[in-house]
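Worksheet: the structure to be examined is printed underneath.
The values are calculated or read from the model by the stated rules, or taken from the named source; none is laboratory data. These numbers were taken from a predicted model, which means no experiment stands behind them. Cβ coordinates were reconstructed from backbone atoms using ideal geometry, including for glycine residues, and neighbour counts include every protein chain displayed.
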Amino acid sequence: MKALLAALSLAVASVTAASAQDTKVVIGISGWTGFAPLTLAREAGIFKTHGLDVELKKIPQASRNLALASGDIQCAATTVETWIVWTANGIPTKQIFQLDKSYGADGMVVKPEIASIKDLKGKTVAASSPGTSPYFALAWFLKKNGMTPKDVTVVNLEPGPAATAFVAGQNDAAMTYEPYLSTVRSNPKAGKIIATTLDYPMVMDTVGCTPKFLDDHPKVAKALADSYFDALAMIGKDQAKSYEIMGADVKQTGEQFGASAKFLRWQDREANAKFFAGEFKTFSAEAADLLQEIGIIKQVPDLDVMADMRGLK
């Protein structure tokens, strides 16, 4: 009898494991350096060890919310304030863990003759569309200098094309991020980096999912978070190999990827706990006020329900 019970228990465990391994998750991301540990978790098989079948789908930030709404993706990686925009516009989301903080990896580049951000009044600035991180960063930078997006002419270009166009001599300024910001770092004759998140700390990324997906798959939040933290551990143990894997995804060598990565900080489990206990709330409130001020959202959603911490416990 004991042998039979043991066999049944083993069979149940096997079925449960197989079921967990079949849990499909599609995450919308971009080529942003801060998201790269997710690529590492996929390529190194870390997601699979946590019972997940993860597909990383590169989708422009301006379209990621539509992919969530349609069910094409269940989760996404994006900036904290972007989740506020999506939720305010009728696409409820829950952030489950923090990926990174930008330490100079996001910035504004300007032509050589522009001496200050205030000199941009009446000038042309390339940035992603309203509701995206680069547009919000533009609004944040301008506000800190007594201006608004109405004081400049915004040309909508994604971060990669914005940097490429700027180096080619187009537009007076551009908002971009790593690895594309390094395009300007390596072409100083084209212009200069006038401000980054070292000057204006305001870019922090999280992974989030639709509430329905999290409720339907209650173990997924923890599996995703644990996979991310395991990827950080792998970076710590074998940085060269990890950088090579992550760099290949954005057509960089491991050395080039490392040069981009030094401008951000990935957030471990301890940093996550600290972030969600304090800064997450204060930043979300300030960001929501600015989003409403510049007309991106009409009404501030309930910020207290925008995080789901079950994966961090």
Qualifying residue in the stretch 76-97 (condition: farther than 22 Å from Ser284 by Cβ and of a type outside the set (Lys, Arg)): no
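Go through the stretch 112-163 residue by residue and tally those that are closer than 22 Å to Ser260 by Cα and buried (at least 18 other Cβ atoms within 10 Å of the Cβ).
Going through the stretch 112-163, the residues closer than 22 Å to Ser260 by Cα turn out to be 126-128, 132-138, 141, 157-163.
Next, from what is left, pick out any that are buried (at least 18 other Cβ atoms within 10 Å of the Cβ): 126-128, 132-138, 141, 157-159, 162-163.
Within the stretch 112-163, residues that are closer than 22 Å to Ser260 by Cα and buried (at least 18 other Cβ atoms within 10 Å of the Cβ) number 16.
Quick check, is Asp53 assigned by TED's automatic domain parsing to the domain that holds Asp249, at pLDDT 95 or above and of a type in the set (Asp, Glu)? Reasoning before the result, please.
Values: assigned by TED's automatic domain parsing to the domain that holds Asp249: yes; at pLDDT 95 or above: yes; of a type in the set (Asp, Glu): yes.
Spelling it out, Asp53 is indeed assigned by TED's automatic domain parsing to the domain that holds Asp249, at pLDDT 95 or above and of a type in the set (Asp, Glu).
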Meets criteria (touching a helix residue (DSSP H, G or I) at 6+ places or on another chain (Cβ under 6 Å) and modelled with pLDDT of 95 or more) for Met147: no
Matching residues, the stretch 191-245, being within 16 Å of Phe276 (Cβ to Cβ) and either of a type in the set (Lys, Arg) or under 16 Å from the mean Cα position of the chain (by Cα) (or both): Met204, Asp205, Thr206, Val207, Gly208, Cys209, Lys222, Leu224, Ala225, Tyr228, Phe229
Conditions (1) in a loop (DSSP other than H, G, I, E, B); (2) farther than 29 Å from Ser186 by Cα; number of the one not met by Ala69: (1)
Identity of the residue in the stretch 192-203, of a type outside the set (Asp, Glu) and not in a strand (DSSP E or B), that ends up surrounded by the most Cβ atoms within 10 Å (Cβ to Cβ): Val203
Of all residues in the stretch 93-111 being over 23 Å from Val184 (Cβ atoms) and touching a Ser or Thr at 6+ places or on another chain (Cβ under 7 Å), the one that is surrounded by the fewest Cβ atoms within 10 Å (Cβ to Cβ): Gln95
